[in-house]
Amino acid sequence: MLLAGPAGAEVAEQTANQAATTTTPSLDEQLREQQQRIVALERMVKQQALLLEQVLAQLKAQNSGVAAGDAVAAEKAPQAELEVARLAGELDALAEHGAELQAKLNQLDKKAADSEKGLTAKIKGLGNFSFGGDLRLRFEPFRGGTSVDRNRGRFRARFDIKNKFTDEWSAGLRISSGEATDPISTNQTMTDFFERKFFAIDQAYIIYTPSWAKPLSVTGGKFGYTWRRTELTYDSDLNPEGISPVLTFKLEESPLKDVKFIGFAIPFRESSGGPDSYMMGGGVETTWQLGSRATLGASANYTNWFRTDTIRAGQTASPVTISGSTNRNAASATAFASRFGLLDLLGQLNIETGATRWPVLLLFDYVTNTRACANVDIAGVACNPRDRQGYWAEFAVGQTKDRHDVQVGYTLIHIEQEAVLGAFNFSDLRAPSDVVNHRISFSYQAYKNIQLGYTLLVGRLLGTDEKWLKRSQIDLLYKF
């Protein structure tokens, strides 16, 4: 039989030493530690009590004299009884200390609950709002091409406010920097003798998701894109204006995970003295699960532009700034040689490699203008109806989600002269159309909210021997 008198004292001493040398950063952790010690001591008290009962039973069984073994038991009985009493006293002290810690913790919990209640009341007074935004600083040197070398500093600042006021209704507002006459860039160049820069409304929209028609959502106002696309067709800084209904169907137990049907009606010039100019279109988007590590997004949409000659006339009378690029669509002074009906086919493959920080993205976007050179009789200029296609092929590995994440990528962009409406696509190209461009990018997530980036754009006009224009972008991005 193993008696626990000295062993129990040793365990109790070790427990006390551990308690003396452990650093506890919070009352909650102290309370948990005390509870663990109480459980350990309770276990030892039970063991000692059991041993004491066994010793006493042996003593009672003696009829006469004390055998050698019983003498040992008799000798250790008082020792075991004292150990039980000592451990019981320590257990009571720990229980009292634990009760004090629990009382302090309850007071802190009450204060935290009161503070949270007060903060919640203040937030409810404002409504269910969320806030966010970003600030980007950029150094952008140009080398080569047909113009002189240049260096410029730019910044972009955006501030978002979103509100979900019921399960069916939500809204958003975003203000951003940028030139008022440039709809495809929120960059502001540091120039013009330190003049003040300004903010303008970048987005202002309402989203309705009726409970009686759950697959449906309707977005109206000035909003972000509701359909998949790349900057082959529309710049990421451009925010369309109008209305867009979307039907979304989720599928279970099938490789096809969801299907979306999207429509949009986008007026871009209202006129009091004649017909309005607008764009209408729609498409279908699907998401496929290809095994456990790959997801494919495939989509097709069609956008039909009506009365785009107002864009050309506006560019001629008061040019729209397109980040230094020259519009390459065939056009006269007041009219484009083409009308624009863009069929856009896009596939995006996301692959999980098994290394969390290194997913792979493969993307291909193809566009063709089904109405190329359809306006040539009005424009009265030469136009080749075969110059109607463009594509965007992109590869990227890595991500920028967590600190120290890295992403690198390469994109090949090829756009024939009549393939897209050059007033609204990627603003950083050598030219909006009739161009080939290579893009190499690198991003590093230095901190949770700070990202460093470098992008090199190398481009020139199709069918020419001009020098390649090399445009670098060195970025510091802060998100909040």
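The values are calculated or read from the model by the stated rules, or taken from the named source; none is laboratory data. Computed from a prediction, not measured in an experiment: that's the story for all the values here. Note: ideal-geometry Cβ built from the backbone for every residue, glycine included; neighbour counts use all protein chains shown.
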Matching residues, the stretch 421-480, being hydroxyl-bearing (S, T, Y) and touching a residue at least 12 places away in the same chain (Cβ under 8 Å): S427, S433, S441, S443, Y444, Y447, Y454, T455, S472, Y478
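Does S236 count as closer than 30 Å to S427 by Cβ and polar (S, T, N, Q)? So that I can check it myself, show each step before the final result.
Working: closer than 30 Å to S427 by Cβ: yes; polar (S, T, N, Q): yes.
Answer is yes for this residue.
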If we scan the stretch 124-132, do we find a residue that is closer than 30 Å to L469 by Cα and in a strand (DSSP E or B)? no
Filter pass, R371 being out of contact with any Lys or Arg (no Cβ under 8 Å at 6 or more places or on another chain) and either acidic (D, E) or at pLDDT 95 or above (or both): no
Would you be able to say whether some residue in the stretch 211-226 is in a loop (DSSP other than H, G, I, E, B), over 21 Å from the mean Cα position of the chain (by Cα) and more than 30 Å from A393 (Cα to Cα)? yes
Could we say that R229 is at pLDDT below 95 and of a type outside the set (V, I, T) here? no
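Just checking, how many residues over the stretch 261-276 are of a type outside the set (F, W, Y) and either closer than 13 Å to T303 by Cβ or assigned to a strand (DSSP E or B) (or both)? Give the derivation first.
Of the stretch 261-276, the ones of a type outside the set (F, W, Y) are 262-263, 265-267, 269-276.
From what's left, either closer than 13 Å to T303 by Cβ or assigned to a strand (DSSP E or B) (or both): 262-263, 265-267, 269.
The qualifying residues number 6.
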Residue under evaluation A331, criteria (1) within 30 Å of T186 (Cα to Cα); (2) modelled with pLDDT under 95; (3) under 25 Å from the mean Cα position of the chain (by Cα), criterion not met: (3)
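Output the residues belonging to the stretch 194-210 that are assigned to a loop (DSSP other than H, G, I, E, B) and either under 20 Å from R138 (Cβ atoms) or of a type in the set (S, T, N, Q) (or both).
Here is the first cut: in the stretch 194-210, the ones assigned to a loop (DSSP other than H, G, I, E, B) are 194-199, 209-210.
Passing the criteria: F194, E195, R196, K197, F198, F199, T209.
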How many of the residues making up the stretch 143-190 are within 19 Å of N128 (Cα to Cα), modelled with pLDDT of 95 or more and either touching a helix residue (DSSP H, G or I) at 6+ places or on another chain (Cβ under 7 Å) or outside any strand (DSSP E or B) (or both)? 1
For the stretch 404-432, enumerate the residues that are surrounded by fewer than 23 Cβ atoms within 10 Å (Cβ to Cβ), closer than 22 Å to L362 by Cβ and polar (S, T, N, Q). Q407, T411
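Take A171 and tell me if it is loosely packed, with under 14 Cβ neighbours inside 10 Å and of a type in the set (A, V, I, L, M). Walk me through how you get there before you give the answer.
Numbers: loosely packed, with under 14 Cβ neighbours inside 10 Å: no; of a type in the set (A, V, I, L, M): yes.
So A171 does not fit the description; no.
Within the stretch 366-380, is even one residue within 19 Å of I415 (Cα to Cα) and under 29 Å from the mean Cα position of the chain (by Cα)?
Looking only at the stretch 366-380, we keep the residues that are within 19 Å of I415 (Cα to Cα), and these are 366-374.
Add one more test, that the residue is under 29 Å from the mean Cα position of the chain (by Cα), and what stays is 366-367.
Yes, the conditions are met somewhere in the stretch 366-380.
What about Y205, is it without any contact (Cβ under 8 Å) to a residue 60 or more places away in the chain, surrounded by 15 or more Cβ atoms within 10 Å (Cβ to Cβ) and of a type in the set (F, W, Y)? First the steps, then the outcome.
Working: without any contact (Cβ under 8 Å) to a residue 60 or more places away in the chain: yes; surrounded by 15 or more Cβ atoms within 10 Å (Cβ to Cβ): yes; of a type in the set (F, W, Y): yes.
Against the criterion (without any contact (Cβ under 8 Å) to a residue 60 or more places away in the chain, surrounded by 15 or more Cβ atoms within 10 Å (Cβ to Cβ) and of a type in the set (F, W, Y)), Y205 qualifies.
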Return the residue satisfying two criteria in turn: it lies in the stretch 236-277 and is of a type in the set (S, T, Y) and at pLDDT 95 or above, and of such residues it is farthest from the chain's Cα centre (by Cα). S277
Exactly one of these conditions fails for G398: (1) under 29 Å from P240 (Cβ atoms); (2) of a type in the set (G, A, S); (3) under 17 Å from the mean Cα position of the chain (by Cα). Give me its number. (1)
Take the stretch 163-208 and flag every residue that is of a type in the set (D, E, K, R) and out of contact with any Lys or Arg (no Cβ under 9 Å at 6 or more places or on another chain). K164, D167, E168, E179, D182, D192, E195, R196, K197
